[in-house]
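What follows draws every value from the coordinates through simple rules; no lab data is involved. All values reported here derive from a predicted model rather than from experimental measurement. Virtual Cβ from ideal backbone geometry, glycine too; neighbours counted across all protein chains shown.
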Amino acid sequence: MRQLNSVKYALLYLAWGVLFFATAVLGLVYPAAEGVLKAVLQALSVLFFLPPCLILVKAKAAGSAKHRAIIRNLSLASLIGTLVMLVVNLRSVGYSAATGKVLHIILTIISAPMICSSVYALSLFLWAALLMGSFGKSK
């Protein structure tokens with residue numbers, strides 16, 4: 001725990017942002033990866049959830065409601081945004097291919113780790129775990 005206390009929140013948020021950018025770009029570039037690349041993308045998607053988990057652990061130990069609220073709000077935004085974009089994507093079946101492409105790009109950006117790993121259930125579970133971990137009392 002001592003090593004985690006020396007890590008600054010800004011560094012954890014930066015790592016999380018870099019991982020978000022990487023999963024979004026790789027999800028757009030390799031939408032249907034196979035073999036080793038698929039395994040690497042899945043590992044990267046799971047790694048995406050490490051910085052916010054560390055932020056939560058550090059925030060709970062320090063009693064910081066601000067950082068827990070940030071994780072809570074981002075988790076809620078991702079889960080709700082994913083649901084909305086999935087419904088919008090399904091409703092746009094009869095529209096043009098360009099509309100479908102734009103909506104898919106928006107879904108990929110909102111749901112970066114889910115699209116990158118191509119395993120929605122795991123990413124949804126990890127988002128929900130972050131959301132639930134952000135509640136509760138601090139020490």
Beta carbons within 10 angstrom, averaged per residue: use that to sort the peptides 71-83, 50-62, highest first.
-> 50-62, 71-83
Bounding extents of the chain in its principal axis frame from Cα atoms, largest first in Å, are 53, 31, 22
Helix-derived mean residue ellipticity, 222 nm - over the chain, DSSP H n ≥ 4, -39500 (n - 2.57), to 500 | -26500 deg cm²/dmol
Pick out which of Ser123, Ser64, Ser45 has the largest mean-square fluctuation in a Gaussian network model of the chain, springs linking Cα atoms closer than 10 Å.
-> Ser64
Percentage of Cα-Cα pair distances in region 11-69 greater than 16 Å, rounded to whole percent?
-> 50
How far is helix 35-47 tilted off the main Cα axis of the chain, in degrees rounded to 10, range 0 to 90?
-> 40
Charge-dipole axis of region 2-133 as Lys and Arg at +1 and Asp and Glu at -1 on Cβ define it, positive-most pick from Cys53, Ala128, Ile109 = Cys53
Kindly count the pairs of lysines across region 2-133 whose alpha carbons are less than 20 Å apart, treating pairs on different chains or eight or more residues apart as eligible.
-> 4
Peptide ranges 109-120, 124-135 listed from the most packed, as the mean C-beta count within 10 angstrom indicates = 109-120, 124-135
